[in-house]
Amino acid sequence: MTPGRYNIKCYQGTTFSLSPQWKINGNYVDVTGYSAAMDVKYSPTSTTSIVTLTSANGKITVGTTDGMFTLALTATETTALTAGNYVYDLEVTAPDGTVTRLLEGGFTVFQEVTTS
């Protein structure tokens, strides 16, 4: 499967939430029992992530028969991110161990102006 391409915008100091839904041939995929992981890095070959979201660390919530994965960061967490342009991919793992890359693209963190 070819992953979807989506460029994410994240704003420092705000609550970040994104809820992509996985469909195949117009039908939602049953993602019950799946896990998910997403790294945001300077480049695909970087060894350091600026932020990691996983279902294990609570930053990704996995749906059920709706094919939904909800990605979330608090306002405090986005404040800690350095403004700039990065890359990411979102990979999901089925209960049988099959790994699928659902999304990939750019991840831009925009500088916060209001700090009060």
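Considering only residues in the stretch 104-116 that are over 20 Å from Y42 (Cα atoms) and hydroxyl-bearing (S, T, Y), the one that is least open to solvent (accessible area, probe 1.4 Å) turns out to be T114. Only one of the numbered conditions (1) touching a residue at least 12 places away in the same chain (Cβ under 8 Å); (2) not in a loop (DSSP other than H, G, I, E, B) is violated by D66, and that is (2). For the stretch 55-103, taking the residues that are under 17 Å from C10 (Cα atoms) and hydroxyl-bearing (S, T, Y), the one that is most open to solvent (accessible area, probe 1.4 Å) is identified as T76.
When the stretch 1-10 is limited to residues that are surrounded by fewer than 18 Cβ atoms within 10 Å (Cβ to Cβ) and touching a residue at least 24 places away in the same chain (Cβ under 8 Å), the one that is farthest from T114 (Cα to Cα) turns out to be M1.
Does P20 qualify as being in contact with a Lys or Arg (Cβ under 8 Å, 6 or more places away or on another chain) and either of a type in the set (D, E, K, R) or open to solvent by less than 40 Å² (accessible area, probe 1.4 Å) (or both)? Against the criterion (in contact with a Lys or Arg (Cβ under 8 Å, 6 or more places away or on another chain) and either of a type in the set (D, E, K, R) or open to solvent by less than 40 Å² (accessible area, probe 1.4 Å) (or both)), P20 does not qualify. Each residue in the stretch 13-54 was checked for being touching a residue at least 24 places away in the same chain (Cβ under 8 Å) and not charged (D, E, K, R), and 26 of them qualify. Restricting attention to the stretch 69-91, which residues are under 11 Å from the mean Cα position of the chain (by Cα) and touching a residue at least 60 places away in the same chain (Cβ under 8 Å)? L73, Y88, D89, L90, listed by residue number. On inspection, A94 does not qualify as under 16 Å from the mean Cα position of the chain (by Cα) and in contact (Cβ under 8 Å) with a residue 40 or more places away in the chain. When the stretch 97-106 is filtered for residues that are small (G, A, S) and either assigned to a loop (DSSP other than H, G, I, E, B) or without any contact (Cβ under 8 Å) to a residue 12 or more places away in the chain (or both), only G97 remains.
The values are calculated or read from the model by the stated rules, or taken from the named source; none is laboratory data. Because the structure is predicted, anything quoted here is derived from the model rather than measured. Neighbour counts run over all protein chains shown; Cβ positions are idealised from the backbone, glycine included. Surface accessibility is based on the protein's heavy atoms, side chains included, excluding ligands, DNA and RNA. Shrake-Rupley method; radii C 1.70, N 1.55, O 1.52, S 1.80 Å.
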